[in-house]
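Beneath this line is the structure, given in structure tokens, with notes to follow.
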Amino acid sequence: MSDSLHQPWLRGIAFNPSAPAEVLTRLLDRTAGEAGLLMCEGRDLPDAVIEAALHHPARPVRRALAGNRHIDLSRLAPLATDPSGFVRVRLANPYGHPRPRRVRPLPDDIIVTLLTAQDGGSEDALLTEHEIVQELISSRQIPRSFYRAMAGHQLPSLRERAAPGWQSLTPTEREALLTDSDPTVREAARKSSWVLDPERVEAKLPRIGSLSRPFFLGVCALSPALIEQCFAERTQGLLAWNRHIPADVVARLARDPDAEIRKMIAARPDLGPELAAELGEDPDEGVRMRARIHPFPRTWAELRAIQEVLDHGPDCAHPITEPDTEPSPAWFAACAVSGEPVLRRVAATWPGLPSELVATLARDEDEEVRIRLACHQPSAPPDLLVEVFAARPAHRPHLLSLPAFPRTGLAHLVGHPDPEVRALAAADPALVEPPVNDPEESVRRAAAANPGLTPEALEALLHDPRTAEGAAANPSLPVPRMHALLDRCLLPSP
């Protein structure tokens, strides 16, 4: 056995789905090197291995575990108070680039611990608690439900954090924060309430050219004078989706010479029937389409759902996030049977779609409907998931993360020209002859890990540098053989 095979064997065993806890725990030894860290971060782990990694004396091991996306996140709770700030910040934001499309939310107790920490970790003392919180916020691991509950949280420090989301709060929640028993909460509320006070907005408005100016004009409550200033400066397009502008300004924008502005106005929920009819006959097809596809009555949540589809093409892998508010199930069901492809695409993105409508959209003539269904719908048919995987490389990482993605019945893809598709097929345990001699390394590795291989073939592949890692990851590898390989790699040579 050549020493050059040690690292492939270690990496393979680290990701062998049949490796028991006593095998995997050996990889936490310092002599296992990178393989143990990759294991802690990159796969589901038995409880005994998790427990050993949580209390491991080596910070890199705990830090790798903090980045694990596969185990139950509640098991990582001790890392929120880890003595190392580098471990805490990895738990707060474990995602590099590219990030996964769907991020798992952290349990509330971990979020509270990170948000209320008084230090950034005493072991290294190189990070502050504020830096860790910023990473947590940017990670998208805080669910909308937590943000919505913060205004009524028992901890004043969390009620204080609810104030910056002033416009998303109900009038009752705003009033409660303004009259809170804690002075820091009251002050935070007072400072945040300016967005709905036209005079304070006008006083804070940055100069023309400032990057924050569109936020002011598109989101905040505006005075009549400021609205007129926008028209004078020809920046009235920034007002088109501002929910606070009055009806006469909406009408004025509906007749703007700029078709892009009229297009946005045509989608507003507060558009009157006369203006809607007028825009439905607009000379611009884009304006007519926006007026047509969204029948009345409308809601802002419906507008957001439609805009999400219009803003992103079939290969866009933008994050799949929980919306602030969601249209009704009846509205999504109506979209699913609409003659408008845009609305059927919207329906395909809703995870709660009834099974009969899922089956219908899976056969839709519009490819983008099928793509969105595969990426968003938990009950999407397996053959559709494979179809989209083969046709659209941009969505492959996300599709492979779905529990419903099929791992068998893929023999027809063994000869596919794309090696990533061949690698998927090479792992199918029903294959009679896995393609262990494929010219692509990734395909050979997947074929060598195929559990359908005979013991004799598997042993030969273990000694071939081209296939050693895949063979060591093969679930058919006997546990005594795993230990023997680890002995060879980890124990001192005689």
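Quick notes on this structure:
- Calculated FRET value between residue 408 and residue 147, using beta carbons and R₀ = 30 Å, to 0.05: 0.15
- Dipole axis of the chain (+1 Lys, Arg; -1 Asp, Glu on Cβ), positive-most option in 79, 269, 379: 79
- Summed residue charge, Cβ within 9 Å of residue 151's Cβ, Lys/Arg positive, Asp/Glu negative: +2
- Helical runs (DSSP H, four residues minimum) scored at -39500 (n - 2.57) apiece and divided by the length of the chain put the mean residue ellipticity at 222 nm at -14000 deg cm²/dmol.
- Per-residue packing, averaged as other Cβ atoms within 10 Å, sorts the ranges 473-480, 312-319 into the order 473-480, 312-319, beginning with the highest.
- Counted charge near residue 441, where neighbours are those whose Cβ lies closer than 11 Å (Asp, Glu -1; Lys, Arg +1): 0
- Charge dipole of the chain about the Cα centre (unit charges at C-beta), most positive-ward option of 333, 89, 434: 89
- Residue-wise HN-Hα couplings along the range 425-440, as the Karplus relation 6.51 cos²θ - 1.76 cosθ + 1.60 with θ = phi - 60° gives them from phi, are 5, 5, 8, 5, x, 7, 5, 6, 10, x, x, 6, 10, 4, x, 8 Hz; Gly and Pro carry x.
- Coupling constants for the range 331-348 follow from the phi torsions by the Karplus curve (6.51 cos²θ - 1.76 cosθ + 1.60, θ = phi - 60°), and in residue order they are 5, 4, 5, 5, 4, 5, 10, 6, x, 8, x, 4, 6, 5, 5, 4, 4, 5 Hz; glycine and proline get x.
- Euclidean distance between Cα centres, the range 322-358 to the range 187-245, Å: 33
- Cα centroid separation - the range 97-142 against the range 1-67, whole Å: 24
- Scoring 85-94, 398-407, 263-272 by mean Cβ neighbours within 10 Å over their residues and listing the highest first yields 85-94, 263-272, 398-407.
- About the Cα centre, charge dipole magnitude for the chain (Lys/Arg +1, Asp/Glu -1 at Cβ), debye: 520
- Quick note on the range 76-181: its Rg to Rh ratio, both from C-alpha atoms and Rh being the Kirkwood radius, is 1.01.
- Karplus-derived 3J(HN,Hα), 6.51/-1.76/1.60, for each residue of the range 119-124, Hz, glycine and proline x: 8, x, x, 8, 5, 10
- Length added when fully stretched, residue 44-residue 196, from 0.36 nm per residue minus Cα-Cα: 50.0 nm
- Net charge of the neighbourhood of residue 223, taken over other residues with C-beta under 13 Å away and scored Lys/Arg +1, Asp/Glu -1, is -2.
- Largest to smallest principal axis extent of the C-alpha atoms in the chain, angstrom: 86, 57, 38
Values in this text are rule-based calculations from the coordinates and carry no lab data. From a predicted model like this one, the values you see are computed outputs, not experimental measurements. Quick reminder, even Gly has a Cβ in these numbers, built from the backbone with ideal geometry, and neighbours come from all protein chains shown.
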